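Contents: one structure, followed by commentary.
Only the coordinates and a few stated rules stand behind these numbers; no lab work does. Since the structure is predicted, the reported quantities are computational estimates derived from the model, not experimental observations. Counting neighbours? That spans all protein chains shown, and the Cβs are built from the backbone with ideal geometry, glycine included.
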Amino acid sequence: MKKLSTALLPAICCLLLLAACGGGGKKAVEDNPFFNTEPALKELTASIKKTPDDAALYFARGKMLRKLKQDTLALRDFKMASSLDTNNAVYYSAVGDVLFEAKDLDGSVVWLQKAIAKNPNDPQAHLKIAKLFLFMQKHDKAFEQINIVMRKDVYNPEAYYLKGLVYKDMKDTGRAISSFQSALQVAPDYRDADIELGLLYTAKNDTLGLKYLDNAYKKDSADVFPLFARGCYLQNQNKYEEAKQLFRKCIVKNTHYVDAYFHMGYIMMQQDSIQKSFDFYDLAVKLQPDNPTAYYDRGVCNELLKKMPDAITDYKNALKLDPKYASPASALKRLNVKMDK
């Protein structure tokens, strides 16, 4: 059984306090030690205690809580803000965002529809619902929401971008590319459109995609995904040395970028450097100990290195994390090993 991360303790304390108080009462929330000890929250919490009916303060603290990855607490603050100021569509929309991230799609739709009811002209609420419909693969309904926005603002870049995502999900690559390009025409700094165009073009083996990925990286070099995507393209072209340079650069800039470790492990295996491949998969396991693929890939290396007990342990761990994972199950069957009960 995994130990609970100390980062989760404040949220757990909050939930225990709420349960003990029947889930209600502003005082129970403000007495949460996390609100009074976390530097980013202390000032806002003090202000809330002075003026507990100020919806804007709850909303501001909710946004800060989201930055701190405390979505359960943020949701409560957003709901409090919406109950104190029932006419502010932004507060309802914020609740919808949190529920969407939690995969509560039905709940998210309800709150976003409330936001639209308060402000029918709010483009963000319509576009958020469009994202929901896209996630649910209800393409026609997604287009309806996007078109509502575009009828009022033909230069809205996010509307074009979302339309591109819908077309991409529909496998209509031509229209997807056109929509992403339109997003860049009205907003040249729209980095996400660069990334999507880079992915679509490189998927077609069109080197134009590399230019879009380069543009995306220049716009924000803190995010290494464009480098990683370029590396994947080169890997697929069997240009392993060039790909490795990019994956190494990803790791140097972001030591927790696990996908780069996986791809380095794969390339090393193709180059018969099994020990080096093992080293990268071992790092992947250490960075993501709940990732079954990392255990399986390390297990393959262990098997090739004739370390059979270690390989079997890795395969078993992979299967424990994902009982439906076929690859480690097949490996154990091939090795004539049964899973522990």
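Structure values in brief
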quantity: Measure of compaction for segment 256-341 (Cα Rg per 2.2 N^0.38 Å); calculated: 1.01
quantity: Cα gyration tensor shape of segment 40-89, rounded if a/c is under 1.5, else prolate or oblate by comparing a/b with b/c; calculated: oblate
quantity: Over 17 Å [Cα-Cα, segment 33-120], rounded percent; calculated: 45
quantity: Global geometry of segment 199-258, whether rounded, prolate or oblate, following the gyration tensor of its Cα atoms and the 1.5 cut on a/c; calculated: oblate
quantity: Computed helical MRE - 222 nm, the chain, DSSP H runs ≥ 4 contributing -39500 (n - 2.57), nearest 500; calculated: -23500 deg cm²/dmol
quantity: Acute angle (nearest 10 degrees) that the helix 274-287 long axis makes with the longest principal axis of the chain, alpha-carbon atoms; calculated: 20
quantity: Nearest 10 degrees, 0 to 90: helix 39-50 Cα axis against the chain principal axis; calculated: 20
quantity: Kirkwood hydrodynamic radius of segment 160-208, Cα pairs, Å; calculated: 10.4
quantity: Principal axes of segment 156-313: Cα extent on each, largest first, Å; calculated: 58, 28, 26
quantity: Links that overshoot a 29 Å alpha carbon limit, given the list 171/253; 67/286; 211/324; 306/338; 253/276; 63/118; calculated: 171/253; 211/324
quantity: Charge sum, other residues only, whose C-beta stays under 12 Å from residue 249's C-beta, Lys/Arg counted +1 and Asp/Glu -1; calculated: +3
quantity: Cα long-axis angle, helix 123-135 against the chain (0 to 90 degrees, to the nearest 10); calculated: 40
quantity: Among 36-43, 301-308, the order from most to least packed when residues are scored by Cβ within 10 Å on average; calculated: 301-308, 36-43
quantity: FRET efficiency for residue 221 and residue 69, using Cβ-Cβ distance with R0 set to 25 Å, rounded to 0.05; calculated: 0.55
quantity: Scattering profile of segment 136-243 at q = 0.19 Å⁻¹ [log10 I(q)/I(0), Debye over alpha-carbon scatterers]; calculated: -0.93
quantity: Peptide ranges 187-197, 116-126 listed from the most packed, as the mean C-beta count within 10 angstrom indicates; calculated: 187-197, 116-126
quantity: Neighbour-count order for 86, 313, fewest beta carbons within 10 angstrom listed first; calculated: 86, 313
